[in-house]
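The values are calculated or read from the model by the stated rules, or taken from the named source; none is laboratory data. This structure is a prediction, so every number in the text was calculated from the model and none was measured. All Cβ positions, even for glycine, are placed from backbone atoms using ideal geometry, and neighbour counts span all protein chains on display. SASA here: full protein model, heavy atoms, side chains in, ligands and nucleic acids out. Shrake-Rupley method; radii C 1.70, N 1.55, O 1.52, S 1.80 Å.
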Amino acid sequence: MSYEQNLIEDEEGIRALVRGARRVAVLGIKTEQHSGQPAFYVPEYLAQAGVDVVPVPVYYPEVTHILERPVFRRLVDIPGDIDLVDVFRRPQDIDQHVDDILAKKPKAVWFQSGIRNDAAARRLAEAGIRVVQDRCLMVDHRRYAR
């Protein structure tokens, strides 16, 4: 199988990922003090929609809980399986997280709207992880989760 098959761009592939995302780690999540920013309100929406959201902030070292859930500093520290890693990082900052993502082996990784890193996406796809780039998970969840 070619790695390109793991680069998900078609609507049926997006629908399948959204419907299979029961447990989502949010890399780069913001805190409640940043409630007007997508890196907070998208995971807040997901949690309210019944998704098990696992906060993985990059900043805020003093914070122990976001959305009333315990915070993890690295994906590999999260117990259990992850269906999807929702990434809120600038494209140039994603590379520093690729090894952690590969070590955790989520089923899929989702780069939010405006975020593309083709090299990182290829590395993940080559490892058998499905990748979506430059789409809003909240928008697609509202469209396809039902």
| task | On the full set of protein chains, 1.4 Å probe, figure out the accessible area of TYR3 and give it in Å² to the nearest 10. | result | 50
| request: Report the one residue of VAL63, ALA49, GLY28 whose Cα lies farthest in the direction of the positive end of the charge dipole of region 7-146 (charges on C-beta: Lys and Arg +1, Asp and Glu -1; origin at the Cα centre). | output: ALA49
| task | Go ahead and estimate [θ] at 222 nm for the chain from helices alone: -39,500 (n - 2.57) per DSSP H run with n ≥ 4, summed, over the residue count, rounded to 500. | result | -9000 deg cm²/dmol
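Determine the gain in length on full extension of the stretch ARG23-ALA119; use 0.36 nm per residue of separation and subtract their C-alpha separation, reporting nm with one decimal.
My answer for the length gained is 32.0 nm.
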| query | About its Cα centre, how strong a charge dipole does the chain have in debye, to the nearest 20, once Lys and Arg get +1 and Asp and Glu get -1 at the Cβ? | reply | 220
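Give me the 1.4 Å probe accessible area per residue for the chain, excluding ligands and nucleic acids, in Å². Don't skip to the answer; put the middle values down first.
On the way: 7360 Å² over 146 residues.
Result: 50 Å² of accessible area for each residue.
For HIS65, HIS34, HIS141, what's the largest-to-smallest order of accessible area, 1.4 Å probe? The partial results should precede the final answer.
Working: HIS65 100, HIS34 55, HIS141 20 Å².
Solvent-accessible surface, decreasing: HIS65, HIS34, HIS141.
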| said: Can you give me the % of accessible surface on the chain that is carbon or sulfur? Probe 1.4 Å, all protein chains present, nothing else counted. | reply: 48
| Under a GNM of the chain (C-alpha, springs under 10 Å), which listed residue has the highest mean-square fluctuation: ASP86, ASP77, ASP52? | ASP77
| task | Give the Debye-formula value of log10 I(q)/I(0) at each listed q (0.09, 0.16, 0.21 Å⁻¹), with one equal scatterer per alpha carbon of the chain, two decimals each. | result | -0.23, -0.78, -1.42
